[in-house]
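Encoded as C-alpha cells, the structure appears first; notes follow it.
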Amino acid sequence: MPASDGAPRVSVVIPAHDAAPVLEETLASVAVQSFGDWEIVAVDDGSRDATWEILEDAGPRVTALRNPTALGPAAARNRALAHARGELVAFLDADDLLLPTYLERQIACLDQAVAQGRRVGLVACDARLLDDGRYADYTYLDMIPDRNLPITLDRVLQRNPIYISALVPTAVGREVGWFDAELFGTEDFGLWIKILERGYEAVSNPEPLAVYRRASGSVSSNIARQGVNNRRAYEMALGRGALTPHQRRIALSAIRYNRAMETVAELRFGRRSARSLLRLSARIPLLLYVAATNPRWWRQWITVLRTGRSAAIGR
C-alpha cells in the first residue's frame, strides 16, 4: 500500500546518457512490475540523442531531470536521489532491465530480514546476462567465486559480488552520503563499502531478477578507467579509517592489483609516446611483483591484452 503521505514505497533511480536505443524497454520493465507502489526518478546526463524526449514522454510516474552536460553516473544518481520520495531505492542502469517480480521479491527479502531483527543496508540479487540480444547460459553470480557465501565487507573488498540493481533503504543511503561523485563506473562498489563499513548487513537474494546488458563500449568494459576508479574506491575506504587491519591489507593488495591492471590496459590501449612509455616502464617492477605473487590474475591480464575485455567482474 502507498505511504500515508502519498509517497511510493520504492523509488527506481535511473541515470541515462545517450540511452535512447534501449531506454524505452528499460522503463517498460519497471512499468510491468508485480509490485505496484513505485516511482521512477531518471536523469538525462547530458545526452546527445533522444534520451530526454523519451523521459519527457514517459508518463506521470516518471520524474525526469536533465543535466545539460554529462557529469557521470554517480552525480546523475545523486541528483535523482535528491528527488526520490520512496522509503526504499532500487538502482537500475539505463541499459539494463528489471524482471517482472524484481520489486516484489527484493522487498519481501528485506521485510523478512527486518522482521528477524537484522540491520539491513542493502538487498542484492542475481542477474541474467544479455550479449547482443542473446542470453548467456550463466548468470552474473555464476562468474563470482563462492557465490553462496554471505556478503561481508571482507568479501566485497576481495571481490565485489553485488550487482548494481540492489535495493537500499533510503535512510541508510542518506546516512552514508550516497555515491561518491569522483568515482566513475565504480561508484556502486564505493557505496557498498560505505554501507558495510557502518555495520549494516547485505542480504543476498540468489534469484536472477534483473538483466545485465553487456556492451563493449560500456563504462564497465573500459579496463584502464575501471582500474583507476577501483583503486580510488579502495583509497577512499582506507582514508575513512573504518577498516580492520585485515581489511586494510586486502585494500592495499587490491590497490597494487589495480595499478597493475592500469599498466596492462595501457600496454593494450595506451599511446606510444615517449612520456607514456617512460611512465609505463616505471610501473613494470610493480607489475612483475603483482604477477609473481598473484598467478590467479594472469588469465584476466592475458584476456585484456588479447581482446581488450575484462575476463572477470568485481575487480
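The values are calculated or read from the model by the stated rules, or taken from the named source; none is laboratory data. Being a predicted model, the structure only gives us computed values, none of them experimental. Cβ atoms come from the backbone with ideal geometry, glycine included; neighbour counts cover every protein chain shown.
Test of understanding: among Gly199, Gly173, which residue is small (Gly, Ala, Ser) and under 23 Å from Tyr102 (Cβ atoms)?
Gly173
Among the residues of region 75-85, is there at least one that is over 21 Å from the mean Cα position of the chain (by Cα) and farther than 23 Å from Gly185 by Cβ?
Yes: region 75-85 contains one or more residues that are over 21 Å from the mean Cα position of the chain (by Cα) and farther than 23 Å from Gly185 by Cβ.
Can you name the number of the only condition in (1) surrounded by fewer than 18 Cβ atoms within 10 Å (Cβ to Cβ); (2) closer than 19 Å to Ala82 by Cβ; (3) at pLDDT 95 or above that Leu55 fails?
Failed condition: (1).
Just the residues that are under 21 Å from the mean Cα position of the chain (by Cα) and assigned to a loop (DSSP other than H, G, I, E, B), please, taken from region 2-19.
His17, Asp18, Ala19
Which ones in region 20-50 are touching a helix residue (DSSP H, G or I) at 6+ places or on another chain (Cβ under 7 Å), part of a helix (DSSP H, G or I) and among the hydrophobic types (A, V, I, L, M, F, W, C)?
Ala20, Leu23
Yes/no matrix, rows are residues, columns are (1) outside any helix (DSSP H, G or I); (2) modelled with pLDDT under 95:
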{"site": "Gly173", "(1), (2)": "no, no"}
{"site": "Ala181", "(1), (2)": "yes, yes"}
{"site": "Phe184", "(1), (2)": "yes, yes"}
{"site": "Phe189", "(1), (2)": "no, no"}
{"site": "Ile193", "(1), (2)": "no, no"}
{"site": "Leu196", "(1), (2)": "no, no"}
{"site": "Tyr212", "(1), (2)": "yes, no"}
{"site": "Arg225", "(1), (2)": "no, yes"}
{"site": "Glu235", "(1), (2)": "no, no"}
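Restricting to region 109-134, what's the tally of residues that are exposed (fewer than 13 other Cβ atoms within 10 Å of the Cβ) and in contact (Cβ under 8 Å) with a residue 60 or more places away in the chain?
The total comes to 2.
For the structure I just gave you, tell me whether Ser216 is modelled with pLDDT under 90, surrounded by fewer than 17 Cβ atoms within 10 Å (Cβ to Cβ) and more than 16 Å from the chain's Cα centre (by Cα).
Judged against the criteria, Ser216 is a match.
Here's a check for you: in region 156-171, which residue that is of a type outside the set (A, V, I, L, M) and touching a strand residue (DSSP E or B) at 6+ places or on another chain (Cβ under 9 Å) is nearest to Tyr200 (Cα to Cα)?
Pro169
Taking Ile54, is it among the β-branched types (Val, Ile, Thr) and not in a strand (DSSP E or B)?
Criteria met by Ile54.
Do you know which of the residues in region 137-152 that are within 11 Å of Pro206 (Cα to Cα) and of a type in the set (A, V, I, L, M, F, W, C) is modelled with the lowest pLDDT?
The selected residue is Leu149.
Which of the residues that make up region 36-69 are closer than 24 Å to Val168 by Cβ and either touching a residue at least 40 places away in the same chain (Cβ under 8 Å) or small (Gly, Ala, Ser) (or both)?
Answer for region 36-69, where residues must be closer than 24 Å to Val168 by Cβ and either touching a residue at least 40 places away in the same chain (Cβ under 8 Å) or small (Gly, Ala, Ser) (or both): Gly36, Trp38, Glu39, Val41, Ala42, Ala58, Ala64.
All but one of (1) surrounded by 14 or more Cβ atoms within 10 Å (Cβ to Cβ); (2) assigned to a strand (DSSP E or B) hold for Val156, so report the exception by its number.
Result: Val156 passes all but (2).
What number of residues in region 23-45 are surrounded by fewer than 18 Cβ atoms within 10 Å (Cβ to Cβ) and not aromatic (Phe, Trp, Tyr)?
8
Mind checking which residues of region 58-74 are outside any strand (DSSP E or B), more than 21 Å from the chain's Cα centre (by Cα) and crowded, with 16+ Cβ neighbours inside 10 Å?
Passing the criteria: only Ala58.
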